[in-house]
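Colleague: This is the structure I have questions about; it appears just below.
The values are calculated or read from the model by the stated rules, or taken from the named source; none is laboratory data. All figures in this text were calculated on a predicted structure; none of them were measured in a lab. Virtual Cβ from ideal backbone geometry, glycine too; neighbours counted across all protein chains shown.
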Amino acid sequence: MTLAAVSNESPAHDSDLAAEQRRHVLAVIGELQDLPGALLPILHAIQDGLGHVPPASVPLIAHGLNLTRAEVHGVISFYHHFRSAAPGRHVLQICRAEACQAMGARAIEAHVCGRLGVGFHETTSDRAITLEPVYCLGNCACAPSVMLDGDVHGRLTIRAVDRLIDACIEKS
Amino acid sequence: MSTTVYVPRDTTALACGAEAVARAIGTQAKARGLDVSVVRNGSRGLYWLEPLVEVVTPNGRVGYGPVTEDAVVGLFEAGFLDGAAHALAHGVVDDIPYLASQQRLCFSRNGIIDPLDLDDYQAHGGWKGLLRAVMLSPEAIVQNVLDSGLRGRGGAAFPAGVKWKTVLGAQADQKYIVCNADEGDSGTFSDRMVFEGDPYRLIEGMTIAGIATGATMGYVYLRCEYPLAFRLFREAIERARAAGWIGADIKGSGHAFELEVRLGAGAYICGEETSLLESLEGKRGQVRFKPPLPALKGLFGKPTVINNVITLASVPDILAHGAEWYRDYGVARSRGTLPIQLAGNIKRGGLVERAFGLSLRELLYDYGGGSASGRPIRAVQVGGPLGAYLPESQFDTPIDYEAFAAISAMVGHGGIVVFDDSVDMAEQARFAMEFCAIESCGKCTPCRIGSTRGVEVIDRIRASLDRDNNTALLRSLCDTMSNGSLCALGGLTPFPVLSAKNHFAEDFAPRVASSVK
């Protein structure tokens with residue numbers, strides 16, 4: 001489980017949000033707050049727009065849904081998908097589940113971590129790539145798999161994953 | 001004359017390059033002045049052949065695969081638009097033995113139709129079940145589902161009709177149909193294939209469930225690891241609504257049913273039904289105590305039918321063809337068909353829909369063709385990360401809920417992950433505990449703490465530290481988790497752990513320093 005760092009810091013205030021981020025967060029809340037069970041759709045929409053759910057957006061969300069900040073924080077930190085820190089320019093998710101293990105995913109994971117010099121939930125120092133684990137992309141008949149910026153790549157070899165990483169670094 | 005070419009828009013086909021193939025076919029056709037219309041179908045589930053390009057010929061649809069972008073020019077030069085011979089040609093796709101020998105009920109349209117084309121859906125038997133359902137009383141629909149013997153395909157195998165009957169009998173101002181599409185088990189992709197290949201089937205099944213139980217609102221809880229399925233399904237809902245198949249008055253029948261798709265957020269536990277309901281309500285996905293059953297107090301405290309994608313997608317055919325027709329497939333108490341998914345280290349991975357009763361051996365060798373690596377198959381895990389690891393001596397077990405239960409295993413959602421002889425089963429046992437620790441919702445102690453302690457104990461056994469005592473401790477811990485956990489996550493994690501330990505004890509034995517696996 002991702003332990004968001006915010007719990008040990010002083011409470012984030014919505015004034016910490018950049019004006020553009022604040023506009024996005026408020027627009028999302030305004031659009032979705034009347035849905036039954038609106039919190040997950042709101043968090044998805046915020047992350048889709050900003051790349052993460054900024055801790056400073058928590059008071060705004062809590063206010064919009066009549067929840068406590070603790071409740072909102074509790075939901076964000078429960079789900080692996082939601083990030084509290086901005087990711088790098090690319091997000092690379094490596095499948096760690098059994099079907100991929102059976103086809104060499106452990107070696108790919110070790111290679112990528114070694115090459116990028118980061119572990120899971122970390123971002124390379126040039127901010128090109130954030131590395132995340134994922135447990136199954138539903139591509140299990142053509143394993144091993146990764147998802148790069150929302151696109152699944154299958155039948156991977158270490159060479160193929162290196163080419164994906166090369167492209168991320170070049171584009172950056 | 002225009003030639004129709006099918007190139008799948010399916011996650012796996014795309015992951016293997018289908019988008020570039022489709023583009024190249026378009027470019028080549030244009031450059032050669034040929035009239036080609038490219039249709040993006042779902043996948044047939046013959047995944048080792050993806051991207052599988054199909055050309056419509058007078059003899060049927062001829063398949064070529066796996067096609068790479070670079071192979072497209074060669075296909076044109078060989079005359080593939082006339083179904084000509086080529087190294088990648090497989091003849092008429094319907095005649096490929098892997099497919100021809102299947103009993104495709106739930107997947108009858110997958111890969112054949114344009115998934116979003118309503119006319120295509122109807123021309124291939126779509127909406128027949130719903131049109132029959134609107135003529136029947138709710139009681140009669142429920143009786144059909146009961147008589148069919150359909151059991152929940154998500155893994156628990158609970159009789160679907162019993163759930164529906166309970167919701168039908170419950171009094172409430174609002175009831176819900178919830179579709180569990182949090183297909184988190186590694187080695188499974190049949191739910192995804194429905195979304196990407198035949199989405200109206202699920203819409204039809206949910207609408208029938210709504211009419212049968214008096215529920216006017218449906219939610220699909222889809223995992224966020226399936227972004228393409230989400231986009232396609234949202235579009236399918238909009239088109240179905242615009243055509244009057246869902247909405248305030250379904251095709252003038254007086255029945256109302258609305259549908260919405262929601263995304264999960266990467267929590268495996270949300271495949272557990274009560275945890276899923278919590279998540280839909282906007283909360284942490286923590287498991288609820290039962291009772292009350294979701295059928296009586298489910299989503300937002302209202303009576304709720306919650307079924308897996310395949311369960312709901314099986315319903316239209318049951319209504320269209322009758323309960324007996326469905327019941328005639330299968331063995332013992334496992335009726336109908338199961339879409340089995342062959343995955344991992346397997347030569348011909350893909351979807352095999354067959355009546356219950358087929359043996360694992362037939363699946364692994366007749367369909368699967370053995371391991372992808374060419375090495376002997378040593379272990380298979382059936383039923384996802386909570387399913388047992390089975391050795392070769394158990395490969396004759398038939399796919400049947402009770403037969404699997406009898407060997408301390410489970411059929412689950414029908415996923416089979418294959419490992420060759422390079423696997424370290426102690427490492428797999430450790431991963432089972434690690435996964436449980438990562439995904440535990442934290443509500444009950446045996447799962448939350450037990451899984452972490454489980455990783456530690458297995459590490460000590462693998463390091464040969466106080467082996468006998470730690471082995472006894474592992475068994476005792478598994479006993480506590482099995483009997484003391486609130487839900488299947490903690491309760492079933494001992495399945496993969498103990499099956500690995502019992503069937504592959506040599507992997508837990510002290511390692512000789514010089515031995516290299």
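Colleague: Evaluate the range B:329-340: report whether one residue or more is within 14 Å of chain A (Cβ to nearest Cβ) and not in a helix (DSSP H, G or I). Talk me through it step by step, then tell me what you get.
Modeller: Here is the first cut: in the range B:329-340, the residues within 14 Å of chain A (Cβ to nearest Cβ) are B:339-340.
Now drop any that are not not in a helix (DSSP H, G or I), which leaves B:339-340.
Within the range B:329-340, one or more residues are within 14 Å of chain A (Cβ to nearest Cβ) and not in a helix (DSSP H, G or I).
Colleague: Please go through the range B:28-42 and pick out each residue that is within 19 Å of B:P66 (Cα to Cα) and not aliphatic (A, V, I, L, M).
Modeller: B:Q28, B:R40, B:N41, B:G42
Colleague: Across the range B:451-473, what is the total count of residues that are crowded, with 20+ Cβ neighbours inside 10 Å and in contact with a Pro (Cβ under 9 Å, 6 or more places away or on another chain)?
Modeller: Number of matching residues: 1.
Colleague: I'm told B:S373 meets every condition in (1) farther than 25 Å from B:G184 by Cβ; (2) in a helix (DSSP H, G or I); (3) out of contact with any Leu (no Cβ under 9 Å at 6 or more places or on another chain) except one. Can you identify the failing condition by its number?
Modeller: (2) is the only condition that B:S373 fails.
Colleague: Here's something else I'd like to know. Mind listing whichever residues of the range B:191-200 are more than 9 Å from chain A (Cβ to nearest Cβ) and not β-branched (V, I, T)?
Modeller: B:F195, B:E196, B:G197, B:D198, B:P199, B:Y200 - these are the residues of the range B:191-200 that are more than 9 Å from chain A (Cβ to nearest Cβ) and not β-branched (V, I, T).
Colleague: Show the residue pairs meeting these rules: Cβ distance below 7 Å; 6+ apart or different chains; first residue within the range B:380-401 and at positive phi and crowded, with 24+ Cβ neighbours inside 10 Å; second residue part of a loop (DSSP other than H, G, I, E, B) and of a type in the set (V, I, T).
Modeller: B:G383/B:V411; B:G384/B:T188
Colleague: Can you report the number of residues in the range B:349-370 which are touching a helix residue (DSSP H, G or I) at 6+ places or on another chain (Cβ under 8 Å), of a type outside the set (A, V, I, L, M) and either in a helix (DSSP H, G or I) or surrounded by fewer than 20 Cβ atoms within 10 Å (Cβ to Cβ) (or both)?
Modeller: The qualifying residues number 2.
Colleague: Please verify whether the range B:478-500 includes one or more residues that are aromatic (F, W, Y) and in a loop (DSSP other than H, G, I, E, B).
Modeller: No, the range B:478-500 contains no residue that is aromatic (F, W, Y) and in a loop (DSSP other than H, G, I, E, B).
Colleague: Failed condition for B:A140, given (1) part of a helix (DSSP H, G or I); (2) under 25 Å from the mean Cα position of the chain (by Cα), with all others met?
Modeller: Status for B:A140: all satisfied but (2).
Colleague: Another question, if that's okay. For B:A160, indicate whether it is in contact with a Leu (Cβ under 9 Å, 6 or more places away or on another chain), modelled with pLDDT of 95 or more and within 14 Å of another protein chain (Cβ to nearest Cβ). Can you show your working first?
Modeller: Details: in contact with a Leu (Cβ under 9 Å, 6 or more places away or on another chain): yes; modelled with pLDDT of 95 or more: yes; within 14 Å of another protein chain (Cβ to nearest Cβ): no.
For B:A160, the condition - in contact with a Leu (Cβ under 9 Å, 6 or more places away or on another chain), modelled with pLDDT of 95 or more and within 14 Å of another protein chain (Cβ to nearest Cβ) - is not met.
Colleague: Being within 11 Å of another protein chain (Cβ to nearest Cβ), within 17 Å of the chain's Cα centre (by Cα) and at pLDDT 95 or above narrows it down to one residue among A:A86, A:A45; which is it? Write out each step before concluding.
Modeller: Details: A:A86 fails: within 11 Å of another protein chain (Cβ to nearest Cβ).
A:A45 is the lone residue from the list that is within 11 Å of another protein chain (Cβ to nearest Cβ), within 17 Å of the chain's Cα centre (by Cα) and at pLDDT 95 or above.
Colleague: Of the residues that make up the range B:264-274, is at least one closer than 18 Å to B:A488 by Cβ and surrounded by fewer than 24 Cβ atoms within 10 Å (Cβ to Cβ)? It would help to see each step written out before you state the result.
Modeller: Step one: of the range B:264-274, the residues closer than 18 Å to B:A488 by Cβ are B:264, B:267-274.
Now restrict to residues that are surrounded by fewer than 24 Cβ atoms within 10 Å (Cβ to Cβ): B:274.
Yes: one or more hits.
Colleague: Further question: If B:I177 meets every condition in (1) touching a helix residue (DSSP H, G or I) at 6+ places or on another chain (Cβ under 7 Å); (2) surrounded by fewer than 24 Cβ atoms within 10 Å (Cβ to Cβ); (3) not in a helix (DSSP H, G or I) apart from one, which number is that one?
Modeller: Evaluating B:I177 over (1) touching a helix residue (DSSP H, G or I) at 6+ places or on another chain (Cβ under 7 Å); (2) surrounded by fewer than 24 Cβ atoms within 10 Å (Cβ to Cβ); (3) not in a helix (DSSP H, G or I) leaves (2) as the failure.
Colleague: Out of the range B:474-486, which residues are within 28 Å of the chain's Cα centre (by Cα) and either surrounded by fewer than 20 Cβ atoms within 10 Å (Cβ to Cβ) or among the acidic types (D, E) (or both)?
Modeller: B:S482, B:N483, listed by residue number.
Colleague: Would you please name the residue that is nearest to the other protein chains (Cβ to nearest Cβ), looking only at residues in the range B:294-310 that are surrounded by fewer than 18 Cβ atoms within 10 Å (Cβ to Cβ) and in contact (Cβ under 8 Å) with a residue 24 or more places away in the chain?
Modeller: Within the range B:294-310, the match that is nearest to the other protein chains (Cβ to nearest Cβ) is B:F300.
Colleague: Would you check which residues across the range B:143-162 are outside any helix (DSSP H, G or I) and either surrounded by fewer than 16 Cβ atoms within 10 Å (Cβ to Cβ) or hydroxyl-bearing (S, T, Y) (or both) and list them?
Modeller: Of the range B:143-162, the ones outside any helix (DSSP H, G or I) are B:149-159.
B:A156, B:F158 - these are the residues of the range B:143-162 that are outside any helix (DSSP H, G or I) and either surrounded by fewer than 16 Cβ atoms within 10 Å (Cβ to Cβ) or hydroxyl-bearing (S, T, Y) (or both).
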